[in-house]
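To start, the structure itself, in structure tokens.
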Amino acid sequence: MATEKEAVMSAGNEEPIITCKNINKWFGSHHVLRDVSLDVKRGEVIVIIGPSGSGKSTFIRTINVLEEIQNGEITVNGIKLSDNVSDIEAIRKETGMVFQQFNLFPHMTILDNLTLAPIWVRKWPKSKAEKIALELLERVGIHDQAKKYPGQLSGGQQQRVAIARTLAMQPEIILFDEPTSALDPEMIKEVLDVMKTLAKSDKTLLVVTHEMKFAREVADRVIFFDGGNIVESGPPAQVFENPKHERTKLFLSQIL
Ligand code: ADP
Ligand code: MG
């Protein structure tokens, strides 16, 4: 039987869920994204690698409009990004983001962290939001921590809460920006395991990470970013075993 993921990915000539066409971004005079174009299929798992400062974070942040672009086109699940506030809100509903520093609300319990947005943005009744939140906490293996505050949890647990909080809004797309980079080594696996499970679901994932083993195992496509552009892109076996570009080879030789 086809998995959820195989079913969505083989659904045929469906429109890409994300389309970026020649996007450009400057911070002042610093040209940070240079004509970046990318189509992402529904259900696809893309891992983005590349040196520090190459524009990886800026790129994924443009997709949920945390960064403005100066030119180019972004379409997310059929919604074309414009200056229109309702388009921006609609795109944000389709995309969740998980950050390196978890970004949980420190003064709220774990459960309240998960229910806040569904209650205020999705307008769910508290009982429904709490039921779903507890199911998600169970899924990431921390349902027994629901009444605690973020500061009482380990980094790995906090990041799993952050993933559950993102899932609570039921986004189609989840953007991860170095989700394990702030974690102690022994906690990295518990977060990657949750991400591996997600990778098998029908969600579309874009993951910026330095975890190359994870990339090899779960990516449908690996993208190497350098100098504000996509230098190379392909299945993990090709990018890791047989990189075409010197810059990719150099980067991989430094980190592997
Ligand atoms: P990466 O995630 O690949 O390390 P970033 O996207 O964070 O790279 O940064 C790309 C470039 O943009 C870097 O030179 C960085 O210093 C610069 N930059 C990032 N954010 C800002 C900002 N808010 N203001 C000015 N420059 C920024
Ligand atoms: Mg970054």
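Here are the numbers for the structure shown:
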read-out	value
Qualifying residue in segment 111-118 (condition: at pLDDT 95 or above and within 27 Å of His210 (Cβ to Cβ))	yes
Residues that are under 13 Å from Met108 (Cα atoms) and under 17 Å from the mean Cα position of the chain (by Cα), drawn from segment 145-161	Gln158, Val161
For Ala7: the one exception among (1) in contact with a Ser or Thr (Cβ under 7 Å, 6 or more places away or on another chain); (2) more than 16 Å from ligand 1 (Cβ to nearest atom)	(1)
Residues of segment 185-208 classified as open to solvent by less than 10 Å² (accessible area, probe 1.4 Å) and under 20 Å from Ile17 (Cβ atoms), total	8
Residue in segment 26-85 that is farthest from Gly227 (Cα to Cα), counting only those that are within 14 Å of ligand 2 (Cβ to nearest atom) and in contact with a Gly (Cβ under 7 Å, 6 or more places away or on another chain)	Lys56
Residue in segment 216-237 that is within 16 Å of ligand 2 (Cβ to nearest atom), modelled with pLDDT of 95 or more, open to solvent by 20 Å² or more (accessible area, probe 1.4 Å) and closer than 26 Å to Arg92 by Cβ present	yes
Boolean, Ile119 is away from ligand 2 (no atom under 16 Å from the Cβ), touching a strand residue (DSSP E or B) at 6+ places or on another chain (Cβ under 8 Å), more than 28 Å from Ser10 (Cα to Cα) and open to solvent by 30 Å² or more (accessible area, probe 1.4 Å)	no
In segment 86-108, residue surrounded by the fewest Cβ atoms within 10 Å (Cβ to Cβ) [restricted to those that are more than 16 Å from ligand 2 (Cβ to nearest atom) and of a type in the set (Val, Ile, Thr)]	Ile88
Given (1) over 18 Å from the mean Cα position of the chain (by Cα); (2) over 30 Å from Asn22 (Cα atoms); (3) β-branched (Val, Ile, Thr), index of the condition Val85 fails	(2)
Close pairs from segment 44-57: first closer than 14 Å to Pro235 by Cβ, partner of a type outside the set (Gly, Ala, Ser) and within 8 Å of ligand 2 (Cβ to nearest atom), Cβ under 9 Å, at least 6 apart	Val47/Val208; Ile49/Lys56; Ile49/Val208
Failed item in (1) farther than 22 Å from Val231 by Cβ; (2) crowded, with 19+ Cβ neighbours inside 10 Å; (3) touching a residue at least 40 places away in the same chain (Cβ under 8 Å), with Leu111 passing the rest	(3)
Ile79 touching a helix residue (DSSP H, G or I) at 6+ places or on another chain (Cβ under 9 Å), more than 16 Å from ligand 1 (Cβ to nearest atom), at pLDDT below 95 and open to solvent by less than 40 Å² (accessible area, probe 1.4 Å)	yes
Tally of residues being under 18 Å from the mean Cα position of the chain (by Cα) and aliphatic (A, V, I, L, M) across segment 224-239	1
Enumerated helices (runs of 4 or more DSSP H) restricted to segment 174-256, each holding at least 1 residues that are touching a helix residue (DSSP H, G or I) at 6+ places or on another chain (Cβ under 8 Å), touching a residue at least 60 places away in the same chain (Cβ under 8 Å) and over 30 Å from Ile69 (Cβ atoms)	185-200
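The values are calculated or read from the model by the stated rules, or taken from the named source; none is laboratory data. Source: prediction; values computed, not measured. Neighbour counts run over all protein chains shown; Cβ positions are idealised from the backbone, glycine included. For accessibility, only protein heavy atoms count, side chains too; no ligands or nucleic acids. Shrake-Rupley method; radii C 1.70, N 1.55, O 1.52, S 1.80 Å.
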